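Visitor: Okay, here's the structure, questions in a sec.
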Amino acid sequence: MYKIASKKVLNSFVTQMEIEAPLVAKKAQAGQFIILRVDENGERIPLTVAGFDRKKGLVKIIFQIVGATTNKLNQKNAGEFIADFVGPLGNPTKVEGLKRVCVIGGGVGCAIALPVAEKLHNMGCEVDSIIGFRNSDLLILEDEFKAVSDNLVVTTDDGSYGLKGNVTMPLKEALSNGKQYDEIITVGPLVMMKFVVLTAKEYNVPVTVSMNPIMIDGTGMCGGCRLTVGGKIKFACVDGPDFDGYQIDFDEAMKRGTTYRDFERHAYEENCNLFKKEVK
Amino acid sequence: MANMSLKRNEMPTQDAKIRATNFCEVALGYSEETAIDEALRCLNCKNAPCVSGCPVNIHIPEFIEKVKQGDFEGAYQVIYKSSSLPAVCGRVCPQEKQCESKCIRGIKGESVGIGRLERFVADWHNAHTIENIEKPLSNGKKVAVIGSGPSGLTCAGELAKKGYEVTVFEALHTAGGVLVYGIPEFRLPKAIVQKEVDALKALGVDLQTNVVVGKTITIAELFDEGYKAVFIGSGAGLPRFMGIEGESLNGVYSANEFLTRNNLMKAYMDGSDTPIFKAKHTVVVGGGNVAMDAARTAKRLGSKVTIVYRRTEKELPARLEEVHHAKEEGINFAMLTNPVKINGNQNGWVESIVCDKMELSEPDESGRARPVKIPNSEFKITADCVIMSIGTSPNPLIKDTTDGLEVNKYGGIVVTEETALTSLKGVYAGGDAVTGAATVISAMGAGKTAAKSIDEYLKNV
């Protein structure tokens, strides 16, 4: 059992928790992920590490409430326990030698992009960050990004905060104005990452994308997280989760992401109904 | 008086129609009377050829003699001297290729049902004997065992009995390895595995789940923490795919994923949060035990199932009993059939699988007849689910984080066979991590060998 040390609501869909997991905290690095199970009947879900405190043995996770499992997790409070928490899995984001990087986060993906931006900033790299959200209600981590970025641009789809539009607009503007980056590192919805790659391609800037497919064990055993990368099958859990964005078959990844959509919707609704009953 | 019947006593099973809709164990086991009757078929041969067919050399005629006398506990003690997991092996060993293949009775008629008797004896023991396991006096030496599958459980048990302080590290949330995530409940009830795990704990073994060695902790760090020796029993690893078009469509699973969702995550049960796709027609590619398990699981989830295999039924690597059971349950066998492409619909879901018809030619390097494609024989099978069960390749997590650990060109850990010692001092390995996908019994044998070597090594440290 793993104790929830703290819980913080970042917005109505996104929650942050710190979990007591000293072995994971000791090893975790930006870009890696963990797998957790809320309770005995729980599903194993991967979540990227959003931060860690090695001394206190805490690992920070930030998750969006999208399905039954994240809903169940969100119903837990600080001081309560979850059944399983294993990691750190996958490979850390490669940052060695980078001098100028644009970090692009979308929605809850910003939670994963932040530790990467932090790491880059701490090693003296120039960091421009672009973080995008659907609207101002969903905005998270703005101050945290500000603290580690040389320039920060916030976008919202509806213009309710920051720049109206999506993250590729400011990126395109910077690149067309001759801004040079060694690399773009992006984490967010697949469709956003796909368009970041397409934009960067025009200017020949390498893009690293962080993939978050469906997983079970996270150690390579099941192959559920497979992606087509450069025409070959790769497993996100052992080969990734970071990949060269130019090589990813995003359309396939998007389709694979919908495998259990009906099941999840059904489970989520059932879970909500149960919760409502409890509240009554 | 010897029983000279040419036929062995049949294994009682759940009715095929009924069992194809549930996950309860298929084979029900011999009664005491049947077991004695079957034991009486054993001629107690002096040279006991069956023993040479057993990877751990169980004294087969000796235990069967005890069964004849009705001394079932005595029989258990004979087996237990050589095998620490008889209830498991009696169920999952490919006996017809091992002990039973050497049985003299098999020359004219059917061999003695050695596996069935082993299972009977183990189940009788589990039902009638209250084990009084005591934690042996500690010798203060710490040993780390990586993986809690058949090799790890055996190695840990042997060492714990000798007084070592053993910690088993398991990557998943439940101990048992392939016995839990791979082999389905209907073939190996999980309560049997749990009993073995509980027995280990009673011996004082510390079991740590949710630790991925190579990620959470490395082998070098284990030594830093005071472990004097390490056994790697991390299992087979990454599922293989064929490399054909359409393998990433929705509805294509590796057998590992499909079975893990069902067995470990209990997706078939109400109340489990883990989803599984319930298909209309499932095509399973492959002919091993894992393919049979996947096919029979899909059947139980309500799908029509076809197994496609590129050789003939004669070459199927699966246990004979599993093939029989699968057929009884209404699974179609499309032999001499090799997939070339999977077609999808516009939403990215499997629609059909395109296959070539094959024929057999001369034997290849494995000694099995090589299947060759019959030109222009392509045909299509309509299906909405495809399960790839064509083997695994070794897991890179430990190799990549352990300097100096030698692996072969297939990625299997290199060991000296007699000692299970790897290229690193104090590091031993066994099971599928060494051999690639093999059997429970051979993994168990390797765990035992390693335990013996570790004991010899640490006696002098």
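Visitor: Quick one: P(r) of the stretch B:294-345 from all Cα-Cα pairs, 10 Å bins, percents rounded to integers, in order of increasing distance.
Guide: Taking every Cα pair in the stretch B:294-345, the percentages come to 23, 51, 24, 2.
Visitor: When N counts the residues of the stretch A:81-125, how does its alpha-carbon radius of gyration compare numerically with 2.2 N^0.38 Å, as a ratio?
Guide: Details: Rg = 13.3 Å, N = 45, 2.2 N^0.38 = 9.3 Å.
Here the answer is 1.42, to two decimals.
Visitor: From other protein chains only, count the Cβ atoms within 10 Å of every residue's Cβ in A:221-231, then give the mean.
Guide: Mean number of neighbouring Cβ atoms from other chains: 6.
Visitor: Along each principal axis of its Cα atoms, how long is the stretch A:27-154 end to end? Whole angstroms, biggest number first, please.
Guide: 46, 35, 22
Visitor: I've got another one for you. Give, to the nearest whole percent, the P(r) tail of the stretch A:87-170 beyond 16 angstrom, counting all Cα pairs.
Guide: The answer is 50 percent, as a whole percent.
Visitor: No solvent, one uniform scatterer per C-alpha: report log10 I(q)/I(0) for the stretch B:52-168 via the Debye equation at q = 0.13, 0.17 1/Å, two decimals.
Guide: -0.58, -0.90
Visitor: For the stretch B:302-461, what number results from the quotient of the Cα radius of gyration and 2.2 N^0.38 Å?
Guide: Working it through for the stretch B:302-461, the quotient is 1.40.
Visitor: Cut-off 18 Å, label point 7 angstrom out along Cα-to-Cβ of A:R54: give me the residues of the stretch A:111-151 whose amide nitrogen falls inside.
Guide: Those under the cut-off are A:115-124.
Visitor: Oh, and also: Could you tell me the distance between the Cα centroids of the stretch B:37-74 and the stretch B:228-289, to the nearest Å?
Guide: A separation of 37 Å, based on Cα centres.
Visitor: Please report the antiparallel percentage of DSSP beta bridges with both residues in chain A, rounded to the nearest 5.
Guide: Numbers: 35 of 58 bridges.
Here the antiparallel bridges make up roughly 60 percent for chain A.
Visitor: Using Cα centres only, tell me the gap between the stretch B:166-226 and the stretch B:384-461 in whole Å.
Guide: Distance between centres, Cα-based: 16 Å.
Visitor: Rounded to whole Å and sorted largest first, list the principal axis extents of the Cα atoms in the stretch B:129-236.
Guide: For the stretch B:129-236, the Cα extents along the three principal axes come out at 43, 34, 17 Å.
Visitor: Relative contact order of the stretch B:391-461, please, whole-number percent, based on alpha carbon pairs below 8 angstrom and at least 6 residues apart.
Guide: 26 percent
Visitor: Per residue, what volume in Å³ does the Cα convex hull of the stretch B:172-229 take up? Could the numbers behind the result be given before it?
Guide: Working: hull volume 5.4 nm³, N = 58.
Convex hull volume per residue, Cα atoms: 94 Å³.
Visitor: For B:K201 paired with B:T129, estimate the spin-label separation in nm (one decimal), with each label point 7 Å from Cα along the Cα-to-Cβ line.
Guide: 2.2 nm
Visitor: If R0 is 25 Å, what FRET efficiency do you get for B:I104 and B:E10 from their C-beta distance, rounded to 0.05?
Guide: The value I calculate is 0.75.
Visitor: Using only alpha carbons, build the gyration tensor for the stretch A:1-81 and give me the equivalent ellipsoid semi-axes, biggest first, whole Å.
Guide: Working through the eigenvalues yields semi-axes of 19, 13, 13 Å.
Visitor: Give me D for chain A in µm² s⁻¹, whole number, from Stokes-Einstein with Rh from the Kirkwood sum over alpha-carbon pairs, 37 °C and 0.692 mPa s.
Guide: Calculated translational D: 171 µm²/s.
Visitor: Please list the radius of gyration and Dmax for the stretch A:192-256, considering alpha-carbon atoms only, with Å as the unit.
Guide: Cα only, the stretch A:192-256: 11.9, 38 Å (Rg, Dmax).
Visitor: What does the convex hull of the Cα atoms come to per residue for the stretch A:101-250, in Å³?
Guide: Per-residue hull volume (Cα only) is 108 Å³.
Visitor: Please state the equivalent ellipsoid semi-axes for the protein assembly as shown: what are the square roots of 5 times the Cα gyration tensor eigenvalues, largest first, in whole Å?
Guide: Calculated on Cα positions only, the semi-axes equal 49, 30, 24 Å.
Visitor: Pop a pseudo-label 7 angstrom from the Cα along the beta-carbon direction at both B:E378 and A:S6 and give the gap in nm to one decimal.
Guide: My value for the distance between the label points is 6.1 nm.
Visitor: Under 4 °C and 1.567 mPa s, how fast does the stretch A:136-206 diffuse according to Stokes-Einstein, given a Kirkwood radius computed over C-alpha pairs? Answer in µm²/s, whole number.
Guide: The diffusion coefficient I find is 99 µm²/s.
Visitor: B:K102: which aspartates and glutamates have alpha carbons under 12 Å from its alpha carbon, excluding same-chain residues fewer than 8 sequence positions away?
Guide: B:E110
Visitor: Could you list, in their original order, any pairs among A:K94/A:K172; A:K232/B:K357; B:K228/B:K409; B:K142/B:K425 whose Cα atoms are separated by more than 18 Å? All intermediate terms of the calculation are to be shown ahead of the outcome.
Guide: Details: A:K94/A:K172 24 Å; A:K232/B:K357 26 Å; B:K228/B:K409 29 Å; B:K142/B:K425 15 Å.
Table pairs above 18 Å Cα-Cα are A:K94/A:K172; A:K232/B:K357; B:K228/B:K409.
Visitor: Then there is this: With the convex hull built on the Cα atoms of the stretch B:221-288, state its orientation-averaged projected area in nm².
Guide: Its Cα hull, projected and averaged over all orientations, spans 8.2 nm².
Visitor: Order these peptides, A:247-259, B:149-161, by their mean beta-carbon neighbour count within 10 angstrom, highest first.
Guide: Values: A:247-259: 17.9, B:149-161: 28.8.
Result, highest mean Cβ count within 10 Å first: B:149-161, A:247-259.
Visitor: Still on this model: Considering every residue in B:250-260, what mean count of other chain Cβ atoms within 10 Å of its Cβ is obtained?
Guide: 5
Visitor: Rg and Dmax of chain B, Cα atoms, in Å?
Guide: 22.6, 70
Visitor: Under 16 Å between alpha carbons, and skipping anything fewer than 8 positions from B:K135 in its own chain: which aspartates and glutamates qualify?
Guide: Straight-line reach from B:K135, under 16 Å: B:E158, B:E165, B:E196, B:D198, B:D206.
Visitor: Compute the long axis of helix A:110-122 from its Cα atoms, compare it with the longest principal axis of the Cα atoms of chain A, and write down the angle in degrees, 0 to 90, nearest 10.
Guide: 50 degrees
Visitor: Find the percent of Cα-Cα distances in the stretch B:237-323 that exceed 16 Å, and round it to a whole number. Numbers along the way, then the final one.
Guide: Details: 2063 of 3741 pairs.
Of all Cα-Cα pairs in the stretch B:237-323, 55 percent lie more than 16 Å apart.
Visitor: Taking only the alpha carbons of the stretch B:280-322, what extent do you get along each of the three principal axes, in Å, biggest first?
Guide: 28, 19, 11
Each reported figure results from applying straightforward, stated rules to the coordinates on display, with no laboratory input. The shown structure was predicted, so the numbers you read here are calculated from the model rather than taken from an experiment. Cβ sites come from the backbone with ideal geometry, for glycine too, and all protein chains shown count toward neighbours.
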